[in-house]
Each structure stands twice: as C-alpha cells, then as structure tokens.
Amino acid sequence: MNRIDQVVEKTYGNYPEKVLQFGEGNFLRAFADWMIDMCNRQGLFNGSIVLCQPISHGMAQVLNNQNCLYTVAMRGMEDAEAKQNIECISSVSRCINPYEDYEALLDIARSPDLKVIISNTTEAGITYKDGCKLTDRPPESYPAKLCAFLYERYRAFSGAGDKGVLVLPVELIDDNGHVLERIVKRYAAQWNLEKGFIEWLDTSCHITSTLVDRIVTGFPRDEVEYFEKELGYTDDALVTCELFNLWVIEGDEKWADVLPIHKTPAHVIWTDDVAPYKKRKVRILNGAHTSTVLAAFLAGHDTVGQFMEDDVFKGFMNGLLFDEVIPTLDLPKRDLEDFALAVNDRFSNPYIKHKLLDIALNSCSKFNARCLPSLLSYADKKGELPKRLVLSLAAFIRFYKGEFIDGVYTGTRPGGTYSIRDDRDTLEFFADVWKNGTAQSVTNAVLSNESFWSGRDLTNVSGLESAVADLLSDMLKRPMREIVKEHSK
C-alpha cells in the first residue's frame with residue numbers, strides 16, 4: 001500500500017512559514033495544526049507551520065519521511081449519533097530537530113515571515129532550569145530556548161516593532177503565558193541581555209495565556225487495518241481525537257487577526273480573562289468526572305461509556321451539573337448549559353474507552369480542586385447543602401476504604417477488588433482511619449483533615465459532617481446504585 005505522501009498532495013505546506021511550533025506530538029497536530037489547516041483551506045491565513053522537537057527524541061523523522069503530511073480522525077457523538085470526520089493536514093512544511101541542527105531553528109528566528117509561536121512541551125516544560133546558557137545549542141529548557149530564539153530575532157531585525165510575534169503556549173498549567181514570560185525574562189536577566197530586548201518583548205511581542213480542551217487519543221494501534229482500508233494509504237503519524245474542540249486565548253483582540261483561526265468553525269474564543277473559562281472546564285467537565293466515577297465504579301461500572309448508558313448515573317451527573325454546579329458559576333447561563341450538554345456527547349463517545357480507575361487516580365486532590373468549590377459555593381449561595389455533591393463526597397470516602405495487600409492499597413466492591421492510587425501519605429491516612437473506624441469516625445477524620453482541603457476544616461460547614469456520615473453508613477450496607485438513584489430525583 002502507498003504512503004500518504006504518495007497519494008495526497010501537499011497543498012498548503014509550501015506557504016511562507018508563519019508559525020513555529022515547539023512540539024510535534026499528537027495533541028498539537030490534532031488541535032492547533034488542524035485549526036490552521038482549516039484556516040488555510042478557507043483562504044484566511046496562507047501560512048505554513050514548521051515543527052520543532054522540544055526534546056532530542058521525537059517525531060521529526062517519522063513526519064519528514066512522509067513529507068509532513070498526516071491524517072486527523074475526529075470521532076464522537078453529535079446530536080446523539082456517532083460521527084466520524086477524517087481530514088488530511090497539509091499545512092506543515094517540515095519538522096526540525098534542534099539537537100541535530102540548531103542553526104535551522106535560528107534561521108527561523110531571522111525569517112521576516114514568522115508571526116506566531118505555539119508550544120506544548122508538557123506541564124514540566126515551562127519551568128526554570130539552572131545552568132542554561134545563551135551559548136548552548138540548544139539550551140535545555142523550553143523557556144531558555146524561547147529566550148535565545150527571541151533574542152536572535154530581536155538582533156536580526158534590530159528590535160523592529162513589526163517583527164514581534166504572538167506566543168501561544170498550551171501547556172496545562174495555570175497562567176501558562178504569564179509563567180512562560182516571567183521565566184523568559186529571568187533568563188534574559190541572567191544572561192545580561194540589553195534593556196532594549198526586554199522593552200521589545202513588552203511592546204512588540206504578546207506572550208499570552210490560553211486554555212485548550214480536546215481529548216486526543218493518538219495513533220490508533222488497534223485499528224490500523226480499518227484506517228488503511230478507509231484511507232487507502234498508510235500513515236505513521238495518523239492521530240485520532242474527539243469532535244469537541246475549544247481554544248480560549250487571553251489578550252487584546254488586535255492580535256487575533258495574526259492567526260485568524262477564530263474565523264473558522266473551530267471553537268476559538270479571545271477574551272481579556274481566561275480564568276472563568278478554566279473554572280467552567282474544571283467545575284463542569286472535570287467535576288463531572290470526579291463527582292460521578294467513584295460511585296459509578298463502586299456500582300460495578302468500569303468505563304465512562306458504561307455509566308453514561310445507565311440512566312441512573314447519567315441522570316445523577318446531569319442533575320449535579322445543571323442544579324448544583326452551574327448556579328455557582330459566573331459565565332452566561334446559556335454558555336454554561338451548552339458546555340454541560342456537550343459533556344454528555346463527549347462522555348458518550350463510543351470511540352473512547354475511558355476507564356474509571358484511571359480517572360480515579362489521585363481523587364483526593366481532584367475532589368478538592370474540582371468538586372469542593374462547587375459544594376461550598378452552593379451552600380454559601382443557597383443556604384443548604386447540594387445533595388448530589390454531598391453524595392459524591394461520601395462516595396469518595398467509601399472508595400478509599402481499603403487495606404494494604406502486598407504493598408498495594410486495595411479496596412473492595414461487589415465482584416472483586418481494586419487498587420487505589422494516590423500519594424503514600426494519603427493512602428496511609430485512609431488505611432489507618434478505616435482500620436477500626438465507623439462511618440461517623442471516618443467522616444470526621446477525613447473532613448477535619450485540613451491538608452486535604454487547602455487548609456479548611458470541613459466539619460465547620462453546617463450539616464455536612466452528619467449528612468456525609470449518614471450516606472457513608474448507608475453505602476456500607478446497601479448497593480451504591482440504589483443510593484444514587486434516590487439522590488437523582
């Protein structure tokens with residue numbers, strides 16, 4: 001069978017290289033590069049993307065071997081029906097490895113065509129690493145690479161204001177743009193770079209925070225034959241993902257036309273504050289996971305798709321989102337409800353097998369970040385406890401009922417045992433309180449453990465301790481699904 005580059009024409013990869021992308025992995029290729037390709041197809045951008053490996057080992061050779069052409073298969077539920085969209089991306093010009101050819105990266109810094117820098121170097125990528133030097137080829141950390149790159153551009157164009165760039169990091173850390181800019185300037189100071197460079201960064205460049213949202217499942221190793229038959233070619237860089245996509249970009253909209261992806265059908269929002277959108281994602285999407293999966297797992301379900309086919313748990317989740325979470329958020333109600341409705345389609349995606357035990361990893365910190373703020377905000381606004389979120393808290397405590405067996409903290413549900421994964425201190429705490437504890441004593445110990453709840457003692461929340469203890473006691477006696485059903489009404 002022919003390779004993709006022997007079948008597909010490289011339509012947009014010969015445009016001027018307007019975008020430099022640090023990161024050639026699955027996520028950006030199925031997200032940002034797909035959006036830019038759409039932009040090119042609509043005649044809005046007329047620019048290609050040059051990819052740069054942020055580490056020494058990566059996809060450069062694989063991509064270059066097929067002329068940087070690849071396929072994105074987007075699959076999921078839309079209007080309650082399974083849907084698949086397959087598109088070939090032809091906007092990537094080449095992929096460079098700066099560890100083999102650093103000069104190729106510096107050449108891009110000197111290019112008058114460059115407009116945008118995008119990065120996804122994992123959450124660990126935007127960190128300061130001591131010892132990075134301007135003379136390194138390349139510097140080790142991504143912020144050091146970026147500082148050296150931008151300084152080369154500043155020098156090449158003598159600080160010209162029109163040669164500034166838009167920098168869009170998508171790494172999943174709070175205020176990713178602000179953190180990146182701060183570290184870049186730290187390197188500039190450490191390297192004794194001139195004041196004019198800092199002024200050029202401030203006035204001519206825009207390093208901004210962003211929020212991204214798309215589940216990317218990567219190369220479909222167990223479906224290679226299906227896709228080869230569907231496509232009629234082989235593609236070693238094929239990437240699969242869900243249909244849903246969202247990119248929220250914080251900054252002045254004057255920068256939006258530099259990369260006009262917001263004019264395409266992609267879901268791109270420019271805003272002066274990304275925080276409300278992050279809260280929406282954490283409280284609704286991530287909160288829906290964390291608040292539902294533990295009870296669903298204890299009731300016998302193993303994947304998100306399974307509990308979404310159970311009317312009891314689907315109804316519980318939707319009641320929790322629409323009646324208890326959305327009333328605590330500040331964005332327009334219609335936006336919040338549309339986002340929550342999209343969660344139903346995303347969780348029902350038949351192409352994604354999301355295991356509940358994987359989502360349950362580190363549930364202690366997840367509940368604190370994703371669910372507790374909604375519970376407390378609801379209680380504060382309404383003067384009463386949100387019954388479904390309270391049940392979720394009780395289910396969290398019940399899920400952590402276990403003991404160490406051969407060094408593995410192990411819980412029990414009807415039909416078998418399961419491993420509970422969290423940091424060692426958390427697991428040892430639960431093993432100790434559950435060893436001889438009652439529902440009441442365990443509830444008190446968990447709710448009063450301020451290290452779990454960002455310094456809060458939850459026994460001070462009116463009525464919470466008794467409500468959780470009663471539910472936990474019930475969960476030790478009756479099937480979880482019966483209890484959830486009663487609280488879904």
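The values are calculated or read from the model by the stated rules, or taken from the named source; none is laboratory data. Worth saying up front: this structure is predicted, and the values here are computed from it rather than measured. As a convention, Cβ positions derive from the backbone with ideal geometry for all residues, glycine included, and neighbour counts pool all protein chains shown. With ligands, DNA and RNA removed, areas are computed over all heavy atoms of the protein, side chains included. Shrake-Rupley method; radii C 1.70, N 1.55, O 1.52, S 1.80 Å.
In segment 457-489, what residues are outside any helix (DSSP H, G or I), of a type outside the set (A, V, I, L, M) and open to solvent by 60 Å² or more (accessible area, probe 1.4 Å)?
Ser462, Lys477, Arg478, Pro479, Lys489
May I ask you to list pairs of residues, at least six apart or on different chains, whose Cβ atoms are under 6 Å apart, with the first in segment 132-158 being without any contact (Cβ under 8 Å) to a residue 12 or more places away in the chain and the second being open to solvent by 40 Å² or more (accessible area, probe 1.4 Å) and part of a loop (DSSP other than H, G, I, E, B)?
Correct list of pairs: Glu140/Lys129.
Identify, from the list Ala82, Ala104, the residue that is open to solvent by 50 Å² or more (accessible area, probe 1.4 Å) and of a type in the set (A, V, I, L, M). Even if it seems obvious, please write down each step before you answer.
Details: Ala104 fails: open to solvent by 50 Å² or more (accessible area, probe 1.4 Å).
So the residue among Ala82, Ala104 that is open to solvent by 50 Å² or more (accessible area, probe 1.4 Å) and of a type in the set (A, V, I, L, M) is Ala82.
Which residue, of His262, His301, is in a loop (DSSP other than H, G, I, E, B) and modelled with pLDDT of 95 or more?
His301
Being open to solvent by 10 Å² or more (accessible area, probe 1.4 Å), under 30 Å from Val7 (Cβ atoms), hydrophobic (A, V, I, L, M, F, W, C) and within 24 Å of the chain's Cα centre (by Cα) narrows it down to one of Val224, Val216, Val239, so name that one.
Unique residue meeting the criteria: Val216.
Just checking, does segment 360-367 include any residue being open to solvent by less than 30 Å² (accessible area, probe 1.4 Å) and in contact with a His (Cβ under 8 Å, 6 or more places away or on another chain)?
No: segment 360-367 contains no residue that is open to solvent by less than 30 Å² (accessible area, probe 1.4 Å) and in contact with a His (Cβ under 8 Å, 6 or more places away or on another chain).
Would you call Val224 in contact with a helix residue (DSSP H, G or I) (Cβ under 9 Å, 6 or more places away or on another chain) and at pLDDT 95 or above?
no
So, in segment 187-229, of the ones that are assigned to a strand (DSSP E or B) and touching a Phe, Trp or Tyr at 6+ places or on another chain (Cβ under 6 Å), which residue ends up farthest from Lys353 (Cα to Cα)?
Only one residue fits best here, namely His206.
Determine, yes or no, whether Arg137 is loosely packed, with under 15 Cβ neighbours inside 10 Å and either modelled with pLDDT of 95 or more or of a type in the set (D, E, K, R) (or both).
For Arg137, the condition - loosely packed, with under 15 Cβ neighbours inside 10 Å and either modelled with pLDDT of 95 or more or of a type in the set (D, E, K, R) (or both) - is met.
Write out, first by first residue and then by second, each pair whose Cβ atoms fall under 7 Å of each other, whose residues are 6+ apart or on separate chains, and whose first residue, in segment 337-352, is more than 12 Å from Leu243 (Cβ to Cβ) while the second is open to solvent by less than 40 Å² (accessible area, probe 1.4 Å) and among the charged types (D, E, K, R).
Within 7 Å, the pairs are Phe339/Arg280.
So which residues in segment 242-267 are buried (at least 16 other Cβ atoms within 10 Å of the Cβ), within 25 Å of Val282 (Cα to Cα), more than 17 Å from the chain's Cα centre (by Cα) and not small (Gly, Ala, Ser), if there are any at all?
If the condition is that a residue be buried (at least 16 other Cβ atoms within 10 Å of the Cβ), within 25 Å of Val282 (Cα to Cα), more than 17 Å from the chain's Cα centre (by Cα) and not small (Gly, Ala, Ser), then Ile261, His262 are the ones that fit.
If you scan segment 316-356, which residues turn out to be of a type in the set (Gly, Ala, Ser) and either under 26 Å from Glu384 (Cα atoms) or open to solvent by less than 20 Å² (accessible area, probe 1.4 Å) (or both)?
If the condition is that a residue be of a type in the set (Gly, Ala, Ser) and either under 26 Å from Glu384 (Cα atoms) or open to solvent by less than 20 Å² (accessible area, probe 1.4 Å) (or both), then Gly319, Ala340 are the ones that fit.
Restricting to segment 140-175, what's the tally of residues that are open to solvent by 50 Å² or more (accessible area, probe 1.4 Å) and among the acidic types (Asp, Glu)?
4
Working only within segment 389-417, note down all residues that are more than 20 Å from Lys477 (Cβ to Cβ) and open to solvent by less than 40 Å² (accessible area, probe 1.4 Å).
Leu389, Tyr409, Thr410 - these are the residues of segment 389-417 that are more than 20 Å from Lys477 (Cβ to Cβ) and open to solvent by less than 40 Å² (accessible area, probe 1.4 Å).
For Phe313, indicate whether it is at pLDDT 95 or above, in a helix (DSSP H, G or I) and either open to solvent by less than 10 Å² (accessible area, probe 1.4 Å) or of a type in the set (Gly, Ala, Ser) (or both).
Answer is yes for this residue.
Confirm whether Ser56 is on the phi < 0 side of the Ramachandran plot, at pLDDT below 95 and open to solvent by less than 60 Å² (accessible area, probe 1.4 Å).
Details: on the phi < 0 side of the Ramachandran plot: yes; at pLDDT below 95: yes; open to solvent by less than 60 Å² (accessible area, probe 1.4 Å): yes.
Judged against the criteria, Ser56 is a match.
If I go through segment 176-193 residue by residue, how many of them are surrounded by 17 or more Cβ atoms within 10 Å (Cβ to Cβ) and under 27 Å from the mean Cα position of the chain (by Cα)?
Number of matching residues: 8.
Can you report the number of residues in segment 430-456 which are open to solvent by 50 Å² or more (accessible area, probe 1.4 Å) and either among the hydrophobic types (A, V, I, L, M, F, W, C) or part of a helix (DSSP H, G or I) (or both)?
Qualifying residue count, segment 430-456: 5.
Grab the strands (runs of 3 or more DSSP E) fully contained in segment 1-86, keeping just those with 1 or more residues being farther than 24 Å from Glu103 by Cα and of a type in the set (Gly, Ala, Ser).
In segment 1-86, 70-78 are the strands (runs of 3 or more DSSP E) which contain 1 or more residues that are farther than 24 Å from Glu103 by Cα and of a type in the set (Gly, Ala, Ser).
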